[in-house]
Structures are given as structure tokens and as C-alpha cells.
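Okay, structure first, notes after.
Bear in mind these aren't lab numbers, they're just calculated from the coordinates by the rules spelled out. Please read all numbers here as calculations on a predicted model, not as lab measurements. In this analysis, Cβ positions are derived from the backbone assuming ideal geometry, glycine residues included, and neighbour counts consider all displayed protein chains.
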Amino acid sequence: MKITVAQPRYYSGDTPDKVIADFLLKILDTPTEEGSLTVLPEYSNAGGLSDVESELKALPRAEMMLEKASESALKNKAYVAINVLIKRDGEIKNSTYLYGKDGKVKFIYDKQHLPPSEIKLGVTPGNGSGKCACTAEVDGIRFAFMTCYDVYFNEQIEHIAKFKPDVIVIPGYQRGERVDIINAQCKLLAFRCNSFIARSSFSMDTPLKGGSSMIVAPDGNILVNAVDTVGTVTKTVNVKDKYTRTAGFGGNVVRNDDFINEGLCPDAF
């Protein structure tokens, strides 16, 4: 699978949401390989906004962005993951939509962990069932989803690890986070879940914080990292590849996630 992650420049001038959305729409218009995966960042329709009134005004753009993502998936017979701030069924959601090769929605992940800014905005977490639905199998590929703030919570990481994902999709923002922390989060997530990571975020025009749209291998090796550049980064991988290692010194060779799973002590913690 050819995986492409987008990285627009974080823009806070006039109509930043439109400037960022237009950049991402051009990426959706770019031809790609059949069966490839394109990942766009968090708030694709409302990037750069920081006040409630402006964010609410940007909600209608979500439908147009989703339509374009669907068209791109169908035209290229590829997968597209796009995150939008959207009003759905009377609630404001932070949602990642996965479109399949037929251009149809295959899964919607509603962000579970909300920072103070989204609570103030009135975003509703999760899917309302009391259980976090963040994994889906499409065409034999096991996808998992986390959004920005989610990556700080081991509870969700452990839940995803049980699913044995092939690709974890992470639309991000993390504008003020240190780059070394972002890198560590993605490396450890890939290593624990034995999965590829496809993370898309915003360049902050500095190599010290934010940015870091990347593709990470199951062994925790960062295959490609945009750091603070603007555009896209791409890597072709076999999504079924898994990291194997010995089960302790001199032990049998096993999947890394199975080695960790065998040592879990749920009754002790």
C-alpha cells in the first residue's frame, strides 16, 4: 500500500480555514495509486480557527470536504481518511471518515478524548454508546483510529492493541507539542500495537514543535517524517508486515505485540 500523509502550513491570518481547506482539496485532486491510502489532518474544514464563533461557522464546509474525499477515493480506487469538525444528528463531532475504493464511507471514528477547547465548543465525545468504536476491518485491512489528544491515553492504545491493527490513522493538530514527544508517541504506539502509523498534522514552520506528519513501521522505525515542511510525504509498505522478536533472551521468535500481551497483569493494576 502506498501511504500518503498531508501536512499543510498552520495559518492564522484572514480566513485560515479556507486557506487550509483549499490546500487539502488540491491534495485530494492529485491522482494516486489504486489501493493507496491518503490521510488528512484534524480539522480539515476548520483549521487555523481558535474562537467558538468562527469554528461554528466553518461546520458547513465539512460536507463539501467529505464529498471531495469520496470523489477522490472513487476516482483513484483508493482509501481516504479525512477528519472534520461536523454537526451530525444534532451534535457537534470531531470525526474521521474512512472512504473505501468505491467512494463510500466504510467507518466513522468520533474522537473520544476531548481537550478543554473542544469541551468549550460543545463537541460530543465518542459514538454515544459508552464504548469507544475506533477499529474497523475493510477489504481485509485492519484500520484503527486515534485523533490528536487521544494519543496521550494508554487506555485507548491497549484497546487498539487487542484488535491487532495493520494501520493506525492519526489526524493531528498538536501545534504546541515538542517534536521529540510526538516522535516518541508514534514510535511507542507502533511498537506496542505492531502496526504502521499514518499521522497527518500541521507544520508550525519550526523543527521544534508541531508538524511531524509521518509514517512509522511496526518496529517503531520512522520511515518518513515531514518534520516542518509543507506538502505530503509518502511511503509504500506491506501493511501485513509485523515486527517479530525473541520471547526473551534465547526464546522462540514471536510477534512483538504477543510478547507484550503474554506479560500483562490486569488483575494487579
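Relative contact order for the chain: what is it in percent, counting Cα pairs under 8 Å that are at least 6 residues apart?
Working: 630 pairs, mean separation 47.6, N = 269.
Averaging sequence separation for qualifying contacts and normalising by length gives 18 percent for the chain.
Sort 254-267, 69-82 for me by packing, meaning the mean count of neighbouring Cβ atoms within 10 Å per residue, highest on top.
Details: 254-267: 13.1, 69-82: 22.0.
In descending order of packing, they fall as 69-82, 254-267.
Once you charge only the Cβ atoms, +1 for Lys and Arg and -1 for Asp and Glu, what is the size of the charge dipole of region 43-113 about its Cα centre, to the nearest 20 debye? Show your work: numbers first, answer last.
Numbers: 12 positive and 10 negative charges, 81 e Å.
Charge dipole, region 43-113, about its Cα centre: 380 debye, nearest 20.
Kindly express, to the nearest 10 degrees and within the range 0 to 90, the angle between helix 61-76's C-alpha long axis and the longest C-alpha principal axis of the chain.
Taking Cα atoms only, the helix is inclined about 60 degrees.
Principal axes first, then extents: for the Cα atoms of the chain, list largest minus smallest coordinate on each axis, whole Å, largest first.
Taking max minus min along each principal axis of the Cα atoms, the chain gives 61, 41, 37 Å.
Take the cross-link list Lys101/Lys131; Lys68/Lys106; Lys2/Lys101; Lys164/Lys240; Lys2/Lys162 and give me the ones stretching past 19 Å between alpha-carbons. Display every interim value, and only then the final one.
On the way: Lys101/Lys131 28 Å; Lys68/Lys106 15 Å; Lys2/Lys101 14 Å; Lys164/Lys240 11 Å; Lys2/Lys162 25 Å.
Where the Cα-Cα span goes over 19 Å, the pairs concerned are Lys101/Lys131; Lys2/Lys162.
Take Val138, project a point 7 Å from its Cα along the Cβ direction, then tell me which residues of region 2-37 have their backbone nitrogen under 20 Å from it.
So the set is 2-7, 24-37.
What ranking of Cys148, Cys132 emerges when the number of other C-beta atoms within 10 Å of each C-beta is taken as an exposure proxy, fewest first? Kindly include the intermediate steps, with their values, before the conclusion.
Numbers: Cys148 25, Cys132 20.
Ranked by crowding around the Cβ, least crowded first: Cys132, Cys148.
If I fit a long axis through the Cα atoms of helix 179-193 and take the longest principal axis of the Cα atoms of the chain, what angle between them do I get, 0 to 90°, rounded to 10?
In the chain, helix 179-193 runs at an angle near 50 degrees to the longest axis.
Given Val254, Pro116, Pro165, which one lies farthest toward the positive end of the charge dipole of the chain, if we put +1 on the Cβ of every Lys and Arg and -1 on the Cβ of every Asp and Glu?
The Cα lying farthest towards the positive end belongs to Val254.
Could you work out [θ]222 nm for the chain from helices alone, using -39500 (n - 2.57) per DSSP H run of at least four and dividing by all its residues? Round to the nearest 500 deg cm²/dmol. Walk me through the numbers on the way to the answer.
On the way: 7 runs with 73 residues, N = 269.
When only DSSP H runs of four or more count, the value is -8000 deg cm²/dmol.
Specify the angular offset, from 0 to 90 degrees and rounded to the nearest 10, of the alpha carbon long axis of helix 16-28 from the longest principal axis of the alpha carbons in the chain.
60 degrees
To the nearest 20 Debye, how big is the dipole of the chain about its Cα centre, given +1 on the beta carbon of each Lys and Arg and -1 on that of each Asp and Glu? Don't skip to the answer; put the middle values down first.
Working: 32 positive and 34 negative charges, 81 e Å.
Dipole about the Cα centre, nearest 20: 380 debye.
Between Asp241 and Leu56, what FRET efficiency follows from the Cβ-Cβ distance if R0 is 41 Å, with the result rounded to 0.05? It would help to have the intermediate numbers written out before the result.
Details: r = 43 Å, r/R0 = 1.05.
With a Förster radius of 41 Å, E is 0.45.
Given an 8 Å cut-off on Cα distances and at least 6 residues of separation, report the relative contact order of region 98-225 as a percent. Provide the component values of the computation, followed by the final result.
Details: 236 pairs, mean separation 22.1, N = 128.
17 percent.
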